[in-house]
Amino acid sequence: MLFTRPTDEVLYDALIARDPAYDGFAYVCVTSTRIFCRLTCPARKPKPENCVFQDNVAACLEAGFRPCKRCRPLLKYKDQDPTVSALLDALEKEPARRWCEDDLRAAGYDLSTVRRAFKRQFGMSFLEMARLRRVGQAAETLAEGGRVIDAQIDAGFESGSGFRAAINALVGEAPAGLRGQTLLKADWLATPLGPMMAIVDDHALHLLEFADRPALPNEIRHLKERSRMSIASGRTPVTDILAAVLDRYFSGESSEFGIRIAGHGTGFERDVWTALQAIPAGETMSYSELARKMGRESAVRAIARANGANRIAILIPCHRVLGADGSLTGYGGGLWRKRWLIEHERRMAANRKSSVAG
């Protein structure tokens, strides 16, 4: 019988109890620290609203989380294969190293053997894992207030165009395969906080995320799967409207967007996203306050997960939700951006009040 992953509530209880029965079937990603752990990790337990559960190590790394140094979730498998053990130890010692095939050959490894071993245990190659580790470190650079260019270089890209082209390669399709298909169009929009990727059709916006968000490649794949549509580089009138709206927003002119957003997500997630859009610019709210506003006081954790599942940055303003104590909580675009957006909107709100009073 196939193993069906328990609910997040069950997994959180298992995390608190360090229940070994669930070890290896799920991992916890802690949004406040950007670390992922085994459920039996001895470290101090995070708050439930800061927990995202993933089925495997690959999903944790693709979402931009780095492995815990206490429970060492990558090394759990070290006794199963000496090749995997040795390379994981090497990666643990040098997570920022830009590994390549020549490095593996020079160390005496057979490339196909390494690839099969890692794919079998983690669902990704060693080089893919090493690259995701660097991307995770780049995300930390941004979360700590670092520059986008530093994060780009840390992730292994020498140029901004290369940084963006890496994701373009994920959304691009061979011309022969596009004939007769309905397409989503993906393009880059420049903003003061760094480039953003917008994916649209002729009528609505499907995705808007910062280019250096570690989970972006995974989000694009999920969008393609959910929509059953191919994605190609390009623009539609929706892209042009979005660019103009963002220009007005970042210049402080307006926080009104008025763009149609495609109906992805579950019914509950869409309800949460609608509630987020009802929070006025310049104001913030905790998860529990949002739950009360929705009349779902017992669904705080579910609301936090729906908040994290939002794929439309800024327009669906998940950055306006804070921790119960008023602290900044996890934000896919980086906490430094969340802080910037909140302060920017407070200034806009203050300017509007001054204009009305004048």
Look at Arg320 and say whether it is within 26 Å of Asp8 (Cα to Cα), crowded, with 16+ Cβ neighbours inside 10 Å and touching a residue at least 40 places away in the same chain (Cβ under 8 Å). yes
Going by the conditions given, is Arg115 more than 22 Å from the chain's Cα centre (by Cα), surrounded by fewer than 15 Cβ atoms within 10 Å (Cβ to Cβ) and of a type in the set (Lys, Arg)? no
Show the residue pairs meeting these rules: Cβ distance below 6 Å; 6+ apart or different chains; first residue within region 87-112 and loosely packed, with under 14 Cβ neighbours inside 10 Å; second residue part of a loop (DSSP other than H, G, I, E, B). Arg98/Gly156
Qualifying residues in region 35-49 (those that are of a type outside the set (D, E, K, R) and in contact with a strand residue (DSSP E or B) (Cβ under 9 Å, 6 or more places away or on another chain)) - the one surrounded by the fewest Cβ atoms within 10 Å (Cβ to Cβ): Ala43
If you take just the strands (runs of 3 or more DSSP E) that sit entirely in region 1-109, which of them hold at least 1 residues that are within 25 Å of the chain's Cα centre (by Cα), of a type in the set (S, T, N, Q) and at pLDDT 85 or above? 51-54
Looking at the structure I just gave you, is Ser327 surrounded by fewer than 16 Cβ atoms within 10 Å (Cβ to Cβ), in a loop (DSSP other than H, G, I, E, B) and outside the structural domain of Asn50 (by TED's automatic domain parsing)? yes
Check off (1) more than 15 Å from Thr31 (Cβ to Cβ); (2) modelled with pLDDT of 90 or more for Asn310 and give me the number that stays unchecked. (1)
Looking only at strands (runs of 3 or more DSSP E) that fall completely inside region 165-254, which ones have 2 or more residues that are modelled with pLDDT of 90 or more and in contact with a helix residue (DSSP H, G or I) (Cβ under 9 Å, 6 or more places away or on another chain)? 196-200, 205-210
Quick check on Val300: is it touching a residue at least 24 places away in the same chain (Cβ under 8 Å) and within 29 Å of Ala204 (Cβ to Cβ)? no
Over region 220-238, the set of residues buried (at least 19 other Cβ atoms within 10 Å of the Cβ) and under 17 Å from Pro195 (Cα atoms) is Ile220
Just wondering, is there one or more residues in region 126-143 that are over 26 Å from Asp81 (Cα atoms), outside any helix (DSSP H, G or I) and modelled with pLDDT under 60? no
Name the single residue that is nearest to Phe118 (Cα to Cα) among those in region 55-77 being among the basic types (Lys, Arg) and either touching a Lys or Arg at 6+ places or on another chain (Cβ under 9 Å) or crowded, with 23+ Cβ neighbours inside 10 Å (or both). Lys76
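Per-residue answers, yes or no, for (1) basic (Lys, Arg); (2) out of contact with any Pro (no Cβ under 6 Å at 6 or more places or on another chain); (3) farther than 18 Å from Ala309 by Cβ:
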| site | (1), (2), (3) |
| --- | --- |
| Glu9 | no, yes, no |
| Ala14 | no, yes, yes |
| Pro20 | no, yes, yes |
| Asp55 | no, yes, no |
| Cys60 | no, yes, no |
| Arg72 | yes, yes, yes |
| Leu87 | no, yes, yes |
| Glu92 | no, yes, yes |
| Trp99 | no, yes, yes |
Given the conditions (1) at negative phi; (2) in a loop (DSSP other than H, G, I, E, B), and given that Phe268 satisfies all but one, which numbered condition is not satisfied? (2)
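The values are calculated or read from the model by the stated rules, or taken from the named source; none is laboratory data. Quick caveat, the model's predicted, so the values are computed rather than measured. Counting neighbours? That spans all protein chains shown, and the Cβs are built from the backbone with ideal geometry, glycine included.
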